[in-house]
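Shown next, in structure tokens, is the structure this report addresses.
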Amino acid sequence: MGIFDDNFGNNEPHEGPNVPQHEHFPSDTYGPAYAVSIYQEDLRALKELVEAESSSSTSIEQTAFLKDAIDDELRLRKSGDELSPFVRDLIETWESQMDAEPSAVWWPVASDWRLKSYLHYCELRDEQDEDGFEFTEGIGRVHALFSRCKAAQENDSKLAIVPKEEIPGEEPAVTDSST
């Protein structure tokens with residue numbers, strides 16, 4: 001900077017706050033997430049899917065094919081009751097973040113497998129005649145939303161450090177203030 005100071009006659013010392021080169025965010029209260037654009041219709045379609053899936057009778061326990069397909073293809077031994085809490089948390093957190101049309105919401109890092117597993121579970125249920133579940137009209141919007149979430153993960157410029165309470169499925173660490 002000495003050359004610039006000499007050439008431009010700016011020999012005054014720099015005044016102002018000393019700004020650190022890097023910010024440090026405590027990992028117990030902050031985490032990484034991707035910004036994703038979402039519309040009210042996307043959220044409504046996801047909500048309808050979860051409501052339809054959870055309120056319809058399932059034949060997963062009786063249908064050997066469906067159970068085997070989940071075990072083999074997804075390597076999961078979980079029912080919809082174990083897959084849907086993450087999706088419900090997505091909906092709840094995103095509803096609180098919606099303030100315009102469209103809105104930016106936070107997508108957790110490396111969470112695509114959870115939503116993909118849930119959608120695949122719903123697909124398998126939809127294919128079974130004995131199962132009471134059928135896809136809702138908005139399934140196209142749900143798939144489009146999932147594609148946007150996956151695309152965000154491939155774009156580092158969408159990655160940010162945000163408070164954990166803003167990230168679906170994350171909770172800030174509780175500190176014991178009595179010590």
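The values are calculated or read from the model by the stated rules, or taken from the named source; none is laboratory data. Just so it is clear, the structure is predicted and the values come from calculations on it, not from any experiment. All Cβ positions, even for glycine, are placed from backbone atoms using ideal geometry, and neighbour counts span all protein chains on display. Surface areas here come from the heavy atoms of the whole protein model, side chains and all, with no ligands, DNA or RNA. Shrake-Rupley method; radii C 1.70, N 1.55, O 1.52, S 1.80 Å.
So here's what we get for this one:
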read-out	value
Residues that are closer than 14 Å to ILE38 by Cα and either of a type in the set (D, E, K, R) or open to solvent by less than 30 Å² (accessible area, probe 1.4 Å) (or both), drawn from segment 139-157	ARG141, VAL142, LEU145, PHE146, ARG148, CYS149, LYS150, ALA152
Qualifying residue in segment 77-87 (condition: of a type in the set (S, T, N, Q), open to solvent by 60 Å² or more (accessible area, probe 1.4 Å) and at pLDDT below 90)	no
Which numbered condition SER27 misses (of (1) modelled with pLDDT under 65; (2) polar (S, T, N, Q); (3) within 30 Å of the chain's Cα centre (by Cα))	(1)
Answer residue from segment 102-137, given it is charged (D, E, K, R) and assigned to a loop (DSSP other than H, G, I, E, B) and is surrounded by the most Cβ atoms within 10 Å (Cβ to Cβ) among those	ASP131
Some residue of segment 126-136 being farther than 11 Å from ALA35 by Cα and either modelled with pLDDT of 90 or more or among the aliphatic types (A, V, I, L, M) (or both)	no
Check on PRO168, under 28 Å from THR29 (Cβ atoms), in contact with a helix residue (DSSP H, G or I) (Cβ under 9 Å, 6 or more places away or on another chain), modelled with pLDDT under 90 and surrounded by 12 or more Cβ atoms within 10 Å (Cβ to Cβ)	yes
Subset tally (residues that are touching a helix residue (DSSP H, G or I) at 6+ places or on another chain (Cβ under 8 Å) and closer than 22 Å to GLU53 by Cα) for segment 82-106	10
